[in-house]
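Okay, structure first, notes after.
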Ligand code: DOR
């Protein structure tokens, strides 16, 4: 395996910035120092002027395999992820058929091996009746159990009270929840249909999937987790009101954590007029005040993690009427440039970006040997030019669905290089197809 020497990089890691050299050997960060230029290596990269970050770990993606591969697949979407500086991902069970038993889960791992470019993990889905499967999950080899406490894309939903209680009581592994109250949503929809006899529009999405629908469901998840002492991670929060449910401060030791996704940090309801169904997603993009509250909760720790909820759908599907268009946005290729743009705008610091996208997912999921720039850790790294630019067009994206909600946007950061286990898989221009580099994520939970 090739050894690589990265010289003079400005490393952002564990709350600090420091100019250093790194030697990558056998897929790992073998040495970190300030005078490694004489170490023998197969390849030397002079990273003067560039920033080096641990690769982003995205705990929420939909890569659509099996069954929905016209929208995306593990090979195409992981290539886009790597081009965006994401080196590990955790993938969701609302595929076809849904991932509801351990055999289907292992089959997904088999599909990823030799095809995924980034390191991978898969969630087991929860249903009203698969508690026996959930009880048998090995917490050291599976990232978590995904519970749709509100319906979204696909037909996964746990709406039976007893089933929910058993999951929160017995899951041996972290529970990740989608929180929106389906009954409240159905009521809102009915009311809007009555008051608007014509077609409903995308800008009504946040009135249908509204603040109260989110709060009713996420407060219930938090109540269940407190009652049963569960290990709960609430995915993609979108409202100021829900933030009061979560603790401020560092992630270490928390049993209940929360996250925001990049599109909810970027868009607000003002954007429906221009983007329509392109930003239709569940939970809905809400008000500018909600977005401001999410941004400030990143700073005080009520939001621990930033992820994507990458959810590709075909543009032809998105171009249908509001009610027919599926919810979800393709995001992995631009999530890190977007977060770096937010840092440039002063929303959070570069160190905080790295904490939310790399360190905290690694800590929360207890991922073995990743998420930090430390000797002995996997060489999952991203070189970034903060004087460069990422200009987004539909034509240039790598997603199978070939569009981006950010088309026309310029982010003031450019991903120059992505390494997965010491192998360069993106060189700033091309994704290099070396799927043998990626590994199944392992977890240190016992
Ligand atoms: O907008 C969304 N799309 N939210 C989800 O929870 C699911 C996702 C999808 O799979 O399309």
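Any read-out appearing in this document is the output of simple, stated calculations on the displayed coordinates, not a laboratory observation. This is a predicted model, so every value here is computed, not measured. No Cβ is skipped: glycine too gets one built from the backbone with ideal geometry, and neighbour counts run over all protein chains shown.
Hydrodynamic radius of the chain by the Kirkwood approach over all distinct alpha-carbon pairs: 21.8 Å. From most to least packed by mean Cβ count within 10 Å, the peptides 222-235, 252-265 give 252-265, 222-235.
Rg over Rh for region 155-231 works out to 1.10, both radii taken from alpha-carbon positions and Rh defined as the Kirkwood radius.
As a length-normalised measure over Cα pairs under 8 Å and 6 or more apart, the relative contact order of the chain settles at 21 percent. Length available on full extension from residue 31 to residue 270: 0.36 nm per residue minus the Cα-Cα distance, which gives 81.2 nm. Note down the nm distance, to one decimal, between modelled labels 7 Å out along Cα→Cβ at residue 96 and at residue 161. The two pseudo-label positions are separated by 3.5 nm. When peptides 197-208, 57-68 are ranked by their average number of other Cβ atoms within 10 Å per residue, the highest-first order is 57-68, 197-208. Legend: calculated FRET efficiency, residue 128 to residue 440, from the Cβ-Cβ distance at R0 = 30 Å, rounded to 0.05, equals 0.55. In region 16-144, the ratio of gyration radius to Kirkwood radius, Rg to Rh, stands at 1.10 when only Cα atoms are counted. Applying 1/(1 + (r/R0)^6) with r as the Cβ-Cβ distance of residue 319 and residue 194 and R0 = 22 angstrom yields a FRET efficiency of 0.25. The packing ranking, built from the mean of other Cβ atoms within 10 Å per residue, places the peptides 277-286, 70-79, 397-406 in the order 277-286, 70-79, 397-406, highest first. Shape descriptor for region 362-446: Rg over Rh equals 1.04 (Cα atoms; Rh from the Kirkwood inverse mean 1/r). Stokes-Einstein at 20 °C, 1.002 mPa s, Kirkwood radius from Cα pairs: D for region 1-43 in µm² s⁻¹? Taking Rh from Cα pairs, D becomes 202 µm²/s.
The eigenvalues of the Cα gyration tensor, multiplied by 5 and square-rooted, give region 228-312 an equivalent ellipsoid with semi-axes of 25, 13, 10 Å from largest to smallest. What the Cα convex hull of region 303-437 gives, in volume per residue, is 143 Å³.
If I model region 81-221 as equal point scatterers sitting on the Cα atoms and use the Debye formula, what is log10 I(q)/I(0) at q = 0.18 Å⁻¹? Evaluating at q = 0.18 Å⁻¹ gives log10 I(q)/I(0) of -1.02.
For region 53-110, the calculated P(r), taken from all Cα-Cα distances in 5 Å bins from zero up to the bin holding the longest distance, is 4, 19, 28, 24, 15, 7, 2, 0 percent. Percent of Cα-Cα pairs more than 22 Å apart in region 242-382, please. Taking all Cα-Cα pairs of region 242-382, the fraction more than 22 Å apart is 44 percent. Rounded to the nearest 10 degrees, the inclination of helix 211-228 to the longest alpha-carbon principal axis of the chain is 70 degrees. Computed over every Cα-Cα pair of region 307-351 and binned at 10 Å starting from 0, the pair-distance distribution P(r) comes out as 27, 33, 25, 16, 0 percent.
The calculated FRET efficiency for residue 409 paired with residue 109, based on their beta-carbon distance and R0 = 45 Å, is about 0.85.
Taking 7 Å steps out from each Cα toward its Cβ at residue 391 and residue 287 produces label points 3.7 nm apart.
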